[in-house]
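Worksheet for the structure shown next.
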Amino acid sequence: MEQNYYSYISSRANWDCIQTIFLCAPAKVANNNEKLCSFVKESGWEKVTEEKGAVLIAPMVKKDWQEKSLSLIPEFYEVHKNDFKAPSGISIPGREGVLWLWETMIYLVGYGDGADYAANVLIKEPGFFAASALIDGVITDFSHSKEEASHWFVRKPHNYQKKNNEIASSVWLFKNQKDSEATIEYFKNSGQMDGEYHEAYDGVSVTGYFANDNPAVQLRISDLNEANADVIADYFFEKTLRWKNGPDGQLRNYMGRRDYERSERFIHREVSVNGNTYPYTVHMPEGMNKEDVKDLPLVFSLHGRGEPTWVFAEKNGWDVLSDRTREFIVVFPDSPYNIWTIERDLNAIPAILKQVSEEYQIDKQRVYLSGFSNGAVFTCQIASTFPDLFAAASPWNGPEMEMCQKIGLGSYYYHPDFVNGTKEMPFWIIVGDSDSKASACRDDELKILLPVDHCTENYEVWNGENHYTKKAGYLEGDRFETKVFFDQNGSIKVGLTVMANMPHGAIWDESYATWEFMRRFARVNGEIEEIKEDR
């Protein structure tokens, strides 16, 4: 088969989150593999790719970029996303060395006529990329701007429809002589940008525009001669993701690995258990110290498969909610190879809890456990194995029990002693209605949890009209539909939330809803007690 792209895989690419950088070089070099290879090196993107543990893909052209479909890159990704292997042969366990090119970390770079093509791609496929850099390029084809978006994360959303020009992009434009006013206006309007700033990044001067309600939505403008791959990667790509939390995702700023590891916002610790090291980070409410947080509750937030805490800690909003409420501290543990397994990691969370409780003097009667995806399964496994340690648990987007049994994800989902025992454990389950990895039907779990918590099968429905309202502090409450189940005393002990138009992701409102539920419970002398207090 004829090779129609050039690629470079970092020697550091392994089980960690993999950035994918698509590079559209000028056609005069993109038509020859040797020339393209030289361009990738000379432009600095090979060095960036190596340092970031990333994968770079540079499409080739026979004559010019006009021959290429504007859907080339998304289509290429879908076909080839599992074709790239770790040079070391080591990736996330279960992937047999195949790298996971993260859907939230896809970036686009273009030069010259390749940048014109890249700009046109952003018109046609705006929801596909987290951030883009256009070096001496502008939009030349606006014809797709008013077409219905592809809704890449949720192909067939319910009661949701956006056109391409309604989806925000984050773009760094390095301009020279080309008329770029129409390009500038397009990105400002599609992102509803209403703020302006002037900044310099390692000497690169920027005039920037951003959306006040989401600073990740940006248009940066610099002179062409200031284009620098290192600066673009470190101060733009490294800081921007497109969270997988809706049909078109949502742009978000995050610290990135380097700043996360240096951050005072996240305090870094580790424990060793059975020969394995488990790093974890602690976040205290902003402005509080160890003395201030004494006797506060603790929330564990467990990452999903392949999603280390340097990415995950800012994903689900637990740190922001901790700052806002000042009611709890939150701990984000890391697992070996970015995957939780009950057989290997059984004693990790109890060990972390012991160490944290000794350092911070937390309220050990109010320890809560939450997790996402693989972390959701591990939440159920750990909570049911050590019920005396936790007052409530909340798994988000976990694969259903039958699926876990098929793929061998642990010897149990809920510990048999818990299923057949007498220990209550309030559970708040959250899933998406469009999640390809986790079914919205959780009847198998409800058959276990309702009897455990002495709840009947009768329920009330909470939604954006009667509970998750703007007045109550929810931003996207209309996406919630929750069944709440009561015990014989009229206490809500089990909840099942289905999020509308939700792929395998989450929104920050979910942490607020979860905390609203979990904070009501304490484990006193081994038994669950409901806390009666005014908010």
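The values are calculated or read from the model by the stated rules, or taken from the named source; none is laboratory data. Bear in mind that the values here come from a model prediction, so they are computed numbers and not experimental data. Every residue, glycine as well, gets a Cβ built from its backbone with ideal geometry; the counts of neighbours run over all protein chains shown.
Points worth noting:
- Of all residues in region 252-268 being of a type outside the set (S, T, N, Q) and part of a loop (DSSP other than H, G, I, E, B), the one that is surrounded by the most Cβ atoms within 10 Å (Cβ to Cβ): Phe266
- Hey, Val330 touching a residue at least 60 places away in the same chain (Cβ under 8 Å) and not aromatic (Phe, Trp, Tyr) or not: no
- Residue in region 245-252 that is more than 21 Å from Gly317 (Cβ to Cβ), within 27 Å of the chain's Cα centre (by Cα) and at pLDDT 95 or above present: no
- Pairs where the first residue, in region 220-237, is farther than 18 Å from Phe39 by Cβ and the second is of a type in the set (Ser, Thr, Tyr), C-beta under 7 Å, 6+ apart: Ile221/Thr207; Ser222/Ser205; Glu226/Ser205; Val231/Tyr201; Tyr235/Tyr201; Phe237/Tyr107
- Residue satisfying condition, being among the small types (Gly, Ala, Ser), in the same structural domain as Pro93 (by TED's automatic domain parsing) and under 27 Å from the mean Cα position of the chain (by Cα), within set Ala58, Ala30: Ala58
- The sole residue among Gly490, Gly477, Gly495 that is at positive phi and not aromatic (Phe, Trp, Tyr) is Gly490.
- Annotation note: Cβ proximity below 6 Å between a residue of region 356-373 that is over 19 Å from Pro395 (Cβ atoms) and buried (at least 16 other Cβ atoms within 10 Å of the Cβ) and a residue that is at pLDDT 95 or above and polar (S, T, N, Q) (sequence gap 6+ or interchain) occurs for Lys364/Ser357.
- For region 50-57, the count of residues that are surrounded by fewer than 17 Cβ atoms within 10 Å (Cβ to Cβ) and either under 27 Å from Leu409 (Cβ atoms) or modelled with pLDDT of 95 or more (or both) is at least one.
Matching residues to (1) among the polar types (S, T, N, Q); (2) crowded, with 24+ Cβ neighbours inside 10 Å; (3) more than 24 Å from Phe521 (Cα to Cα); (4) under 17 Å from the mean Cα position of the chain (by Cα):
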| residue | (1), (2), (3), (4) |
| --- | --- |
| Thr277 | yes, no, yes, no |
| Glu291 | no, no, no, no |
| His303 | no, yes, no, yes |
| Phe328 | no, yes, no, no |
| Pro333 | no, yes, no, yes |
| Asn338 | yes, yes, yes, yes |
| Glu343 | no, no, yes, no |
| Asn347 | yes, no, no, no |
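- The residues on offer are Phe174, Phe210, and the sole one that is within 16 Å of Phe237 (Cα to Cα) and free of Cβ contacts under 8 Å to residues at least 40 places away in the same chain is Phe210.
- Qualifying residue in region 74-84 (condition: touching a strand residue (DSSP E or B) at 6+ places or on another chain (Cβ under 6 Å), of a type in the set (A, V, I, L, M, F, W, C), surrounded by fewer than 21 Cβ atoms within 10 Å (Cβ to Cβ) and at pLDDT 95 or above): yes
- Of the strands (runs of 3 or more DSSP E) lying entirely inside region 432-534, the ones with 1 or more residues being among the charged types (D, E, K, R) and surrounded by fewer than 20 Cβ atoms within 10 Å (Cβ to Cβ) are found at 455-463, 480-487, 527-530.
- The combined condition, being farther than 24 Å from His158 by Cα, in contact (Cβ under 8 Å) with a residue 12 or more places away in the chain, acidic (Asp, Glu) and out of contact with any strand residue (DSSP E or B) (no Cβ under 6 Å at 6 or more places or on another chain), is fulfilled by Asp444.
- Of the residues making up region 185-200, those that are of a type in the set (A, V, I, L, M, F, W, C) and surrounded by fewer than 19 Cβ atoms within 10 Å (Cβ to Cβ) number 1.
- Listing of strands (runs of 3 or more DSSP E) fully contained in region 201-251 that carry 2 or more residues being surrounded by fewer than 17 Cβ atoms within 10 Å (Cβ to Cβ) and in the same structural domain as Met105 (by TED's automatic domain parsing): 204-211, 214-223
- Among residues of region 366-377 being within 27 Å of Trp15 (Cα to Cα) and not in a strand (DSSP E or B), the one that is nearest to the chain's Cα centre (by Cα) is Ser373.
- For Lys52, the stated conditions do not hold, so it cannot be described as over 22 Å from Gly256 (Cβ atoms) and charged (D, E, K, R).
- Only one of the numbered conditions (1) touching a helix residue (DSSP H, G or I) at 6+ places or on another chain (Cβ under 7 Å); (2) crowded, with 21+ Cβ neighbours inside 10 Å is not met by Glu400, and that is (2).
- Taking (1) modelled with pLDDT under 95; (2) at negative phi in turn, Ser301 satisfies each apart from (1).
- In region 314-326, residue nearest to Trp100 (Cα to Cα) [restricted to those that are touching a Ser or Thr at 6+ places or on another chain (Cβ under 7 Å) and crowded, with 24+ Cβ neighbours inside 10 Å]: Asn316
- The residues of region 136-157 that are buried (at least 23 other Cβ atoms within 10 Å of the Cβ) and under 21 Å from Gln66 (Cα atoms) amount to a single one, Gly137.
- Residue tally, condition within 21 Å of Val48 (Cβ to Cβ) and touching a strand residue (DSSP E or B) at 6+ places or on another chain (Cβ under 6 Å), over region 181-204: 2
- Subset tally (residues that are of a type outside the set (Phe, Trp, Tyr) and in contact with a Ser or Thr (Cβ under 8 Å, 6 or more places away or on another chain)) for region 176-198: 4
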